[in-house]
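What follows draws every value from the coordinates through simple rules; no lab data is involved. None of the values given here were measured: they were computed from a predicted structure. Cβ coordinates were reconstructed from backbone atoms using ideal geometry, including for glycine residues, and neighbour counts include every protein chain displayed.
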Amino acid sequence: MLVMTGPTRRRSDDDGAVLVTVVVVMLVGFVIATVIAASVMFTIQSNVGNKTQTQAFIAAESGRDSAYDQLVSMASGGACSSLVSDQLTGSPAYEYEILTTTVIGQTAPAITGLSATCPTADTSWVLIRSRGLGPGDDPSDPDAGTEIESYYPWTSVLTESPGGTVAYFDGQFKATKSTYEGDLVVRRDDYECNSDSHIIGDLWVLGGADGTDGGTLTLSTGCSVTGSVYVARDIKMKGGGGQGGITIGGDMLAARDIDLDSDTITFDGDIHAGRNVDLKKSGTAANILAVGSIAQGGWTVLPDGVVDDNAAAPVFDPPLHGQGSV
């Protein structure tokens with residue numbers, strides 16, 4: 001009997017491979033779902049944080065605006081009463097402080113000499129520092145919330161008074177062939193009174209907040225002041241002398257020296273210096289007074305006048321910035 005045999009076919013078994021494939025797909029799907037969930041949670045948390053920071057910033061701006069309103073009120077003659085405000089438990093929640101300085105020649109934000117002091121005529125810069133809180137910020141935590149700083153230059157303006165106009169100038173003032181009616185106050189720098197200066201009133205030269213920023217009055221030909229002159233440092237003649245046609249209707253008071261070298265000064269008030277008086281040529285004064293020495297030259301005093309080189313320091317009313325400073 002003839003028996004024929006050949007290769008036998010076996011049925012392949014793919015169940016294991018399919019199982020592995022399913023497991024891999026499930027793992028990949030799990031990783032992708034985890035990444036998506038983490039991204040969503042991060043986005044939600046970021047939005048919450050951004051919302052808190054945004055609301056804190058808006059609250060800080062509200063504090064800044066409230067402080068600015070206080071400054072506007074002060075500049076308009078209102079009372080200085082709210083240099084610090086704590087509204088951290090309100091809505092919006094903020095706190096602010098107002099700081100000022102009299103130091104000049106500065107540029108924000110590099111401002112020094114700041115203190116919680118009401119603005120005055122000598123103030124140069126004002127800083128508003130405001131902190132706002134957002135939802136979830138702890139009011140007792142000084143580092144919580146958002147803080148902003150705003151700097152404002154502070155300048156003086158003309159103010160009306162019953163006796164005329166009082167003008168404040170932060171630097172050198174120069175009239176241009178005109179008559180100035182009212183008291184003139186030069187807050188900073190030196191001042192030269194010349195033929196362009198016809199002042200119907202008093203002249204004050206303050207020399208800054210402490211009398212060290214200028215404060216010297218120089219008289220030259222044509223200077224005319226109907227009132228008195230009050231000077232934080234010295235009164236002198238331009239070029240050392242030889243000037244003429246100068247008219248001073250009141251007194252001359254200087255916290256330091258008075259040096260006059262002219263015989264064409266129209267003047268018969270008091271000469272009063274916080275240090276020395278040096279008079280050359282000739283002239284007439286009501287009294288010649290000095291704390292230090294007096295060189296009288298050809299000057300005379302009125303019949304009831306005195307020459308006193310041991311007098312008390314001149315008194316300025318209102319008080320003069322830098323009075324007696326060197």
Practice task
May I ask you to compute the full-extension gain from Thr34 to Asp263, defined as 0.36 nm times their residue separation minus their alpha-carbon distance, rounded to one decimal in nm?
Solution key: 72.5 nm
Problem - Difference of contour (0.36 nm per residue) and Cα-Cα distance, Asp141 to Leu27 - result: 36.5 nm
Problem - Estimated distance in nm for a label pair at Thr117 and Phe57, the labels positioned 7 Å out from Cα along Cα-to-Cβ - result: 3.5
Fill in the blank from the handout: Amide H contacts under 5 Å for Gly201, restricted to residues at least 5 apart in sequence or on another chain and with H modeled in the peptide plane, are Gly182, Thr226, Gly227
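For Ala108 and Thr284 in the same chain, what is the full-extension length gain: residue separation times 0.36 nm, less their Cα-Cα distance, in nm?
Values: separation 176, 0.36 × 176 = 63.36 nm, distance 5.10 nm.
Gain on extension, Ala108 to Thr284, equals 58.3 nm.
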Exercise for the section: Considering the convex hull of the alpha carbon atoms of the range 40-153, report its projected area averaged over all viewing directions, in nm², one decimal. Expected result: 8.1
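If r is the Cβ-Cβ distance from Ser195 to Ala313 and R0 is 30 Å, what FRET efficiency results, to the nearest 0.05? Intermediate values should be presented prior to the final figure.
Working: r = 32 Å, r/R0 = 1.08.
Between Ser195 and Ala313 the formula returns 0.40.
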